[in-house]
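The structure appears right after this line, and notes come after that.
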Amino acid sequence: MRILIAGATSALGRATATALLDAGHHVIVVGSDADRLGLVDGSEHLVCDLADAAAVDALAVEVGELDALVHLVGGWRGGGGLAGQSDEDWAWLEGRVVGTLRHTTRAFADAIGRSERGAIVAISTTGLERPTAGNANYVALKAAAEAWLAAVGHALRETPARVIVKRVKALVTDAERAAQPERSFPGATDVDALAAEIAADLA
């Protein structure tokens, strides 16, 4: 399969790219930082500001046919109760959590819908099951992202394509465990384990 990873420079992005390459796929890794992107294993490396709709449309033209999109652009800001849910944090999160998802799914949905193995994979949060005041901006935008993905699924309903949402509480790496051996990271999902799940979903 031709699979594009949006936001490939994160720890999960790197792990997912490796897992998908190991499974024999053609993996197109995309990020906004060329230096960091160069550290990611991939069949192709493409630099793009995924928050820029026009840039993503141009990326879709460059990529051409595609079987799957794995959206891993993320980030978190919060804390401080409702009073701490600043407009600045909202704008930053909206651009990353919702904006990049809107741009990439709109740009690549038609190609994915043409694939016999089409799929869109995105990461959400278990926080939606129990929102808190200190997490209000984040969970509200994750809820919006899941609603958008449901609408994408509706748009692709007459095609073979699937929309897959993976909810996690938090992510953890071996490096983080080694750096903080006293922490247990309760409820966190290992990035390598989640990458393996994503590879299995796209097998």
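The values are calculated or read from the model by the stated rules, or taken from the named source; none is laboratory data. The structure presented is a predicted model; accordingly, all values stated were derived computationally and were not measured. Cβ atoms come from the backbone with ideal geometry, glycine included; neighbour counts cover every protein chain shown. Surface areas here come from the heavy atoms of the whole protein model, side chains and all, with no ligands, DNA or RNA. Shrake-Rupley method; radii C 1.70, N 1.55, O 1.52, S 1.80 Å.
Observations on the model:
- Proportion of all alpha-carbon pairs of the range 29-148 beyond 23 Å (%): 36 percent
- For the range 145-199, the dipole from Cβ point charges (+1 on Lys and Arg, -1 on Asp and Glu) about the Cα centre works out to 220 debye, to the nearest 20.
- Karplus (6.51, -1.76, 1.60) ³J(HN,Hα), θ = phi - 60°, over the range 107-114, in Hz, Gly and Pro reported as x: 6, 10, 4, 4, 5, 5, x, 7
- Dipole orientation for the chain: of the candidates 24, 140, 93, 140 has the Cα lying most toward the positive pole (charges on Cβ; Lys, Arg +1; Asp, Glu -1).
- Per residue value of the accessible surface for the chain (all protein chains in place, 1.4 Å probe), Å²: 48 Å²
- Near the amide H of residue 167, within less than 5 Å, lie the amide hydrogens of 124, all on another chain or at least 5 residues away, with H placed in the peptide plane.
- Angle between the chain longest axis and helix 136-155 axis [Cα atoms, degrees, rounded to 10]: 20 degrees
- Residue ranges 3-15, 164-176 sort as 3-15, 164-176 when ordered by packing (mean number of other C-beta atoms within 10 Å per residue, highest first).
- For the range 30-41, putting each phi into the Karplus relation 6.51 cos²θ - 1.76 cosθ + 1.60 with θ = phi - 60° gives couplings of 10, x, 8, 10, 4, 5, 5, 5, x, 8, 9, 5 Hz, in residue order, rounded to whole numbers and with x for Gly and Pro.
- For the range 46-103, radius of gyration divided by Kirkwood radius, i.e. Rg to Rh on alpha-carbons: 1.11
- Between helix 191-201 and the chain: long-axis angle, C-alpha atoms, 0 to 90°, nearest 10: 40 degrees
- Within the chain: Cβ-based charge dipole about Cα centre, in debye rounded to nearest 20 (Lys, Arg +1; Asp, Glu -1): 560 debye
- Seen against the Cα atoms of the chain and their longest principal axis, helix 53-63 is set at about 40 degrees.
- Expressed in Å, the radius of gyration and Dmax of the Cα atoms of the range 68-203 are 16.3, 51.
- Relative contact order of the range 26-162: 26 percent, from C-alpha pairs under 8 Å at least 6 residues apart in sequence.
- A protection proxy built from the mean count of other Cβ atoms within 10 Å ranks the segments 98-111, 140-153, most packed first, as 98-111, 140-153.
- Near residue 190, the amide H atoms lying under 5 Å from its own belong to 172; only residues 5 or more places off or on other chains count, and H is placed 1.01 Å from N.
- For a label point 7 Å along the Cα-to-beta-carbon line of residue 155, residues of the range 90-104 with backbone N under 15 Å: 98-104
- For the range 22-172, the residue among 125, 45, 108 whose Cα projects farthest onto the positive side of the dipole built from Cβ charges is 125.
- Stretching the chain fully between residue 86 and residue 53 yields a gain of 9.4 nm (0.36 nm per residue, less the alpha carbon separation).
- Atom-type composition of the exposed protein surface of the range 1-95 places 51 percent of the accessible area on carbon and sulfur (1.4 angstrom probe).
- Amide H contacts under 5 Å for residue 52: none, restricted to partners 5 or more places along the chain or on a different chain, H placed in the peptide plane at 1.01 Å from N.
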